[in-house]
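Novice: What follows is a single structure, and I will ask about it in a moment.
The values are calculated or read from the model by the stated rules, or taken from the named source; none is laboratory data. These figures come from a predicted structure and were not determined experimentally. In this analysis, Cβ positions are derived from the backbone assuming ideal geometry, glycine residues included, and neighbour counts consider all displayed protein chains. The protein model used for the area step is the full one, side chains on, heavy atoms only, and it has no ligands, DNA or RNA in it. Shrake-Rupley method; radii C 1.70, N 1.55, O 1.52, S 1.80 Å.
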Amino acid sequence: MKRVLLSLVLISGLNTVLFAQEIERESWAGQPVLHTIDSKYNEESAVIVLDKRRMEYIDVKDELAVYKTLHRIIHINDDKGIESFNRVYLPVSDNSDIVDIRARTILPNGKIIEVSKENIKDLKEEEDVYKIFAMEGLVKGCEVEFYYTYKRNTGFFGAEIFQGRTPVLEARFDLIAPDRLIFEMRPFNSTVKPLDTMVGQKKWLTIVEKNIPGVEEEKYSAYQAGLKRFEYKLAYNTSRTTKDRLFTWDELAKRVYSNYTTVTDKETKRTNDLVGDMKVKDLSSEMEKISATEHYLKTKFTTRDDIGGEDAMNLEKVIKSKLASHVGIVRLYSAVFRQLGIAHEFVLAGDRNKFTIEKNFENWNNTDNPLIYFPSLKKYLAPTLPEFRFPWIDPNWGGTNAFFCKSTTIGEYTTAFGEVRVIPLEDYSKSMSNVDADVSLSKNLDTVLVSISQIYAGYSAAAYRSIFNYNSEENIKLVTKEMIKFGTNSENVISSKVENKDFESFNQNKPFILSAVVKASELMERAGNKLIIKIGDIIGQQVEMYQEKPRQFSMEIDFPHVLERHIRFTIPDGYTVKNLDDIKISHVVTEKGQPTVGFTSTYILEGNVVKIHIMEEYRKTSYPLSQFEEFKKVINAAADFNKVVLVLEKK
């Protein structure tokens, strides 16, 4: 999305050439010595002594060029550190883009091994090509040092992430530009502020942060979003005749609206023909028309993010080829909805697991994910995601800020302005991963008979509908077997069926249901005259949260949801259950008297049937770090129930 938008940007005066400039050149110490590392890092596999980065904008003839420099020094402590840092990757495909590159190993005995530039090799991963070279002579206690500078595509937004699994003793980021270009920089998950200075006719923005701890990815966390990072954007160009702020949300709104709604007469006519073929005009409600339109377009058309060019956006060509870029498919949806008289707005969403969209810091790079919003229904449609259906979207695009493009008409002129606000997710009660099971023993008491239904609705159902609609029959059989095995530990399936796998069921939130009848001897053991029934296995293996290191991040889940399980166990004649109270487990966290996350399992005994009810619920997407211990108890309560066995003894 942003690639298309930025390719259309032309700012008057941005490339005004004042004089030829030389970029800042990186260097290293002529006689390096190993750094003394604090003993508190002895258990770390490696320590990044220096992580120095520089982004420099310079005038070259009639264009603005951008060069990036990275300089790192890494102290190696063990074999894992050697494995992690024995190669250097350059994000360039053409050697001509490399301005400078040097790398060396400093051994504990003082010997220096410098890597030859001839050792640079090409590495291809899928469609991307990188440069790679191997460091030489790495041993425990050595240091790896390298720096490189390369020319990159010109862009006016960016982000630098300085935190990861390896601790950093000193991180520095310099953004350098001609003095007419004024950039702004904002820290995230950090309190360090940028320093603004002038060196000659170059403007420098500098961030320095020391002693950045290494952090491991944690269960139930938005790891990337929680790392220390610094984002930047071009805010002003003083050589312009006007001093207005650049790249505002309103400017993005105007561009988005124009890109999506400007169509030729031929495109309009071809869209009219398509709407006629779709046969949706006579449907009674707006919701029905939206749902039918989405199902038709997602069934008949393909959209991809890796294609570009005019043909992938032009509606005549798109309707003919049935293939569109992401911009092209949004243009098609909008054209159809305009023909149907359905009011809608364009939305560009972020991703809670990656970056955020800030009202007062207009980083267009974070507006990656297109949605269509229907004000009358207050619901969203995800035109580029075939696995979702209105009003369900990728939940990571919601529960956080998004950019809304709101149109406004003045006379006969229609334009748009931008607004940043939160996309609310659907209510927690609408997304479920439920189980309904009847469990009994065979007449000979030699196996367990299970009749089980796994029930998924809302956000929880998206992955399963995708699997059961887009896979081969062979793969579907394998997935079905694994899903049934998850709740029974058995592959001895007597029968199974799937209900509501069609995407049309998604619109009404009809649950996706997998039902099966299984013989599961794996759920039963004998201990003398006792029968051991692994009743907890019916809910499947659960996540456990135990960690030695202190928790670093707040707790995040993909979407609010419930997991409700009804299990009915028939006690065989002549037997009694001695430990029914083992079923009772409860950990619930409340805020202002209302539960926000919890696990509760209870039972009642009616005749010879034990009726077990489990309610596990997560009503929010985010829980503060201060609630970690209580949150952990809820997660582990589910794991504890999974281990529950019923002990049957003869009366």
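Novice: Positive end of the charge dipole of the chain (Lys, Arg +1 and Asp, Glu -1 on Cβ, about the Cα centre): tell me which of V420, V327, F230 has its Cα farthest that way.
Specialist: So the residue furthest toward the plus end is V420.
Novice: Relative contact order (percent) for the chain, with alpha-carbon contacts under 8 angstrom and 6 or more residues of separation?
Specialist: Relative CO of the chain lands at 9 percent.
Novice: Within 10 Å, count the other beta carbons around each residue, average over each peptide in 426-432, 474-480, and list them highest first.
Specialist: 426-432, 474-480
Novice: Rule-of-thumb check for segment 498-651: C-alpha Rg over 2.2 N^0.38 Å?
Specialist: It is 1.23.
Novice: Would you mind classifying the chain by shape? Square roots of the alpha carbon gyration tensor eigenvalues, ordered a ≥ b ≥ c; an a/c under 1.5 is rounded, otherwise it is prolate if a/b is larger than b/c and oblate if not.
Specialist: Oblate is the answer for the chain, as a/c is 1.5 or above yet b/c matches or exceeds a/b.
Novice: Mind listing the phi-derived Karplus ³J(HN,Hα) values for segment 48-61, rounded to whole Hz, using 6.51, -1.76 and 1.60 with θ = phi - 60°, and x for any glycine or proline?
Specialist: Running phi through 6.51 cos²θ - 1.76 cosθ + 1.60 with θ = phi - 60° gives 7, 6, 9, 10, 10, 10, 9, 10, 10, 9, 9, 7, 10, 6 Hz.
Novice: Provide the net charge surrounding E387, with neighbours chosen by a C-beta distance below 10 Å and charges set as Lys +1, Arg +1, Asp -1, Glu -1.
Specialist: That works out to +2.
Novice: Can you tell me the FRET efficiency between K61 and I112 if r is taken as the Cβ-Cβ distance and R0 is 41 Å, rounded to the nearest 0.05?
Specialist: With a Förster radius of 41 Å, E is 0.55.
Novice: Okay, next question. May I ask you to order 447-455, 147-155, 300-308 by the average number of other C-beta atoms within 10 Å around their residues, highest value first?
Specialist: So the peptides 447-455, 147-155, 300-308, ranked by packing, come out 447-455, 147-155, 300-308.
Novice: Where q = 0.19 Å⁻¹, what log10 of I(q)/I(0) comes from the Debye formula for segment 245-289, counting one point per Cα?
Specialist: With no solvent term, the Cα-only Debye profile gives -0.76.
Novice: Hey, another quick one. Dipole of segment 161-270, Cα-centred, from +1 at each Lys and Arg C-beta and -1 at each Asp and Glu C-beta, to the nearest 20 debye?
Specialist: Here the size comes out at about 360 debye.
Novice: Per residue, how much accessible area does the chain have with a 1.4 Å probe, in Å²?
Specialist: That works out to 47 Å² per residue.
Novice: Would you work out which of S586, A637, V609 lies farthest towards the positive end of the dipole of segment 575-651? Charges go on Cβ: Lys and Arg +1, Asp and Glu -1.
Specialist: It is V609.
Novice: S442 versus N95, label points 7 Å from Cα toward the beta carbon: distance in nm?
Specialist: It works out to 7.1 nm between the two label points.
Novice: Let me spell out the model: positive unit charges on the Cβ of Lys and Arg, negative unit charges on the Cβ of Asp and Glu, origin at the Cα centre of the chain. What dipole size does that give, in debye rounded to 20?
Specialist: 700 debye
Novice: What does a probe at M615 reach in segment 587-609, counting residues whose amide N is under 15 Å from the point 7 Å along Cα→Cβ?
Specialist: What the label zone holds, given the 15 Å backbone N cut-off, is 587-591, 593-604.
Novice: Same structure, new question: Among 229-238, 106-115, how do they line up from the highest to the lowest mean number of other beta-carbon atoms within 10 Å?
Specialist: Ranking, from highest mean packing down: 229-238, 106-115.
Novice: Residues of segment 298-321 with backbone nitrogen within less than 14 Å of a virtual label 7 Å along the Cα-to-Cβ line of K269, please, listed as ranges.
Specialist: 316-317
Novice: Here is a follow-up. If the only charges are +1 at each Lys and Arg Cβ and -1 at each Asp and Glu Cβ, what is the size of the charge dipole of segment 406-511 around the Cα centre, to the nearest 20 debye?
Specialist: Charge dipole of segment 406-511: 80 debye, to the nearest 20.
Novice: Right, something else. Membrane-span-like helices in the chain: DSSP H runs reaching 15 Å or more (Cα, own axis), mean Kyte hydropathy at least -1.0?
Specialist: Qualifying helices: 326-339, 473-488, 628-642.
Novice: Rounded, prolate or oblate: which fits segment 166-276 when a ≥ b ≥ c are the square roots of the eigenvalues of the alpha-carbon gyration tensor, with rounded for a/c under 1.5 and prolate only if a/b beats b/c?
Specialist: oblate
Novice: Take segment 276-369, compute every pairwise Cα distance, and split them into 10 Å bins from 0; I just need the percent in each bin.
Specialist: All Cα pairs considered, the percentages come to 14, 38, 32, 14, 1.
Novice: Roll a 1.4 angstrom probe over the protein heavy atoms and tell me the percent of accessible area of segment 84-243 that is carbon or sulfur.
Specialist: Answer for segment 84-243: carbon and sulfur cover 45 percent of the accessible area.
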